[in-house]
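Below is one structure, written out as structure tokens; the observations come after it.
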């Protein structure tokens, strides 16, 4: 879904426990590197680094140590130029959310 050099937009901001801001919602980033945890989760290097970051937490609980690079979970981003397959996935997700919301309104 992602590739190095691809332009992406952040859909969910990230703030480190120490208060430093990682990525900001609606800001555009370029993917510099991609790593994959043993669990299958993908994290992106979009140029964020901090001297006090000891590593990146995958989300599955594993720490991924890449020095001061603060890898961000790929779920925080969407490609700027959508391909048809990805666009169809997004549309399907939206349809499901609308259906769920309509069910909640009925109850």
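Here are the numbers for this structure:
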| read-out | value |
| --- | --- |
| Hits in the stretch 1-50 (condition: over 22 Å from residue 85 (Cα atoms) and not in a loop (DSSP other than H, G, I, E, B)) | 15, 21, 33, 35, 45, 49 |
| Residue identified as on the phi > 0 side of the Ramachandran plot and either at pLDDT 80 or above or surrounded by 12 or more Cβ atoms within 10 Å (Cβ to Cβ) (or both) among 19, 61, 47 | 47 |
| Verdict on residue 67 being modelled with pLDDT of 75 or more and out of contact with any strand residue (DSSP E or B) (no Cβ under 6 Å at 6 or more places or on another chain) | no |
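The values are calculated or read from the model by the stated rules, or taken from the named source; none is laboratory data. Keep in mind that this is a model prediction, so the values were computed, not measured. Every residue, glycine among them, receives a Cβ derived from its backbone with ideal geometry; neighbour counts consider all protein chains shown.
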